[in-house]
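Colleague: Before anything else, here's the structure in question.
The values are calculated or read from the model by the stated rules, or taken from the named source; none is laboratory data. Remember, it's a predicted structure, so these values are computed and weren't measured experimentally. A quick note on method: Cβ atoms are made from the backbone with ideal geometry, for glycine too, and the neighbour counts reach across all protein chains shown. Ligands, DNA and RNA are stripped out before the accessible areas are found, and what is left, the full protein with its side chains, is counted by its heavy atoms. Shrake-Rupley method; radii C 1.70, N 1.55, O 1.52, S 1.80 Å.
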Amino acid sequence: MNHRTHLSGRTALVSGASRGIGRAIAERLAEQGVRVHLWARNPEPVQALAQGTGGRGWAVDVSDDGAVWQAVDELLESEGPPAIVVACAGAFALAALAETSVQEFDRLLSVNLRGTFLLYRALLPAMLEAGRGDLVTIGSAAGRRAFATNGAYAASKYGQRGLHEVLAEELRGSAVRCTLVEPAATDTPLWDPIDPDARPDLPARAEMLHPEDVAEAVLFSVTRPAHVRIPLLQIEPG
């Protein structure tokens, strides 16, 4: 299948696009001729990436309601709803439940779960009215399997999975599709403060997936024919 022919000229919005999985997804879509709107809290990396890919960088924190609605309103007014929306902005931390602060628990839920809901809530009505589009949620293996010290992160990712599954039922019969991509541990900068190579209870970075692996899964899901839906893609190292 000619991915470029299929996607060229379309628009996409990728949250969390400044690094890691989000950046890899944005770059892969741009290679296919997609104009990508790159969201991140830090504007400098996405502005630089936008210059290299022909997209547009936005300084948007998905946990900031006002910033999300303002950016979506501006995008809808100028270009209409994007054809592809990837919810990839994420926060990550490891701690036993007895040592997890309420503030840290709230932070992970705010970014990972509430941020996904807010992004979709702001864009979905316009996508349904346009009669097209793909919503791709970047979940995690921690959203289906329990790992020690993952309490706050798992709560956000299990919630994200539940949100997706309800959305899939609500979109059934519409022209808008949704896919949940659940990768196993992936070598991104989110691991830098933890140094998994120094901990025997965590996978070594050399054994993890690469961000580009997840980007390929996203590209696969959004390039299927219109009559094909991919509700779930689980990715693990070979």
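Colleague: Would you check the accessible area of TRP69, probe 1.4 Å, heavy atoms only, in square angstrom rounded to 10?
Modeller: For TRP69, the solvent-accessible surface is approximately 90 Å².
Colleague: Post the alpha-carbon centroid distance, segment 106-162 to segment 1-71, in whole angstrom.
Modeller: 18
Colleague: So what does PHE105 come to for accessible area, using a 1.4 Å probe and Å² rounded to 10?
Modeller: 70
Colleague: Let me ask another. Report, in order of residue number, the helices in the chain meeting two criteria: a C-alpha extent of 18 Å or more along the helix axis, and a mean Kyte-Doolittle hydropathy of at least 0.0; treat each whole DSSP H run as one helix.
Modeller: For the chain, where a helix must reach 18 Å along its axis and average at least 0.0, the hits are 115-130.
Colleague: Can you tell me which of LEU13, LEU219, LEU29 moves the most in a GNM of the chain? Springs connect C-alpha atoms under 10 Å apart.
Modeller: LEU219
Colleague: Another question, then. Largest first, how would HIS227, HIS210, HIS6, HIS164 line up by accessible area (1.4 Å probe)? Walk me through the intermediate numbers first.
Modeller: On the way: HIS227 160, HIS210 95, HIS6 50, HIS164 10 Å².
These residues rank, largest area first, as HIS227, HIS210, HIS6, HIS164.
Colleague: Positive end of the dipole of the chain, charges at C-beta (+1 Lys, Arg; -1 Asp, Glu), about the Cα centre: which of VAL72, ALA217, PRO237 has its Cα farthest in that direction?
Modeller: ALA217
Colleague: Still on this structure, I have one more. About the Cα centre, and with charges only on the beta carbon of Lys, Arg (+1) and Asp, Glu (-1), how big is the dipole of the chain? Nearest 20 debye, please.
Modeller: Dipole of the chain, to the nearest 20 debye: 640 debye.
Colleague: Is the C-alpha gyration tensor of segment 99-238 telling us rounded, prolate or oblate? Criteria: a/c under 1.5 is rounded; beyond that, a/b larger than b/c is prolate, otherwise oblate.
Modeller: Judged from the Cα gyration tensor, segment 99-238 comes out oblate (a/c at least 1.5, b/c at or above a/b).
Colleague: In whole percent, and with a 1.4 Å probe on the protein chains, what portion of the accessible area of the chain is carbon and sulfur?
Modeller: In the chain, the share of accessible area belonging to carbon and sulfur is 51 percent.
Colleague: Rounded to the nearest 20 Debye, what is the dipole magnitude of segment 1-67 about its Cα centre when Lys and Arg each give +1 and Asp and Glu each give -1 at the C-beta?
Modeller: The calculated dipole for segment 1-67 is roughly 300 debye.
Colleague: Which of rounded, prolate or oblate describes segment 1-125 when judged by the alpha-carbon gyration tensor and an a/c cut-off of 1.5?
Modeller: Cα axes put segment 1-125 in the prolate bin.
Colleague: Report the residues of segment 138-180 in range of a label on LEU128: point 7 Å along Cα→C-beta, backbone N strictly under 17 Å from it.
Modeller: Only 163-179 fall inside the zone, counting backbone N under 17 Å.
Colleague: If each residue of separation counts as 0.36 nm, what is the full-extension length gain between SER8 and ALA59 once their alpha-carbon separation is subtracted?
Modeller: 15.8 nm
Colleague: Nearest 500 deg cm²/dmol is fine: what mean residue ellipticity at 222 nm does the chain get from its DSSP H runs of n ≥ 4 alone, each adding -39,500 (n - 2.57), divided by its residue count?
Modeller: Working: 8 runs with 99 residues, N = 238.
Dividing the helical sum by the residues of the chain leaves -13000 deg cm²/dmol.
Colleague: I want to verify a result. In a Gaussian network model of the chain, Cα cutoff 10 Å, which of these has the top mean-square fluctuation: ASP213, ASP201, ASP106?
Modeller: ASP201
Colleague: How much accessible area per residue does the chain have, counting only protein heavy atoms and a probe of 1.4 Å, in square angstrom?
Modeller: Normalised by residue count, the accessible surface of the chain is 47 Å².
Colleague: Whenever you get a sec, line up THR53, THR137 from highest to lowest accessible area (probe 1.4 Å, protein heavy atoms).
Modeller: Putting THR53, THR137 in descending order of accessible area: THR53, THR137.
Colleague: Express in Å², to the nearest 10, the accessible area of SER8 obtained by rolling a 1.4 Å probe over the protein heavy atoms while all chains stay in place.
Modeller: Counting only protein heavy atoms, SER8 exposes about 70 Å² to solvent.
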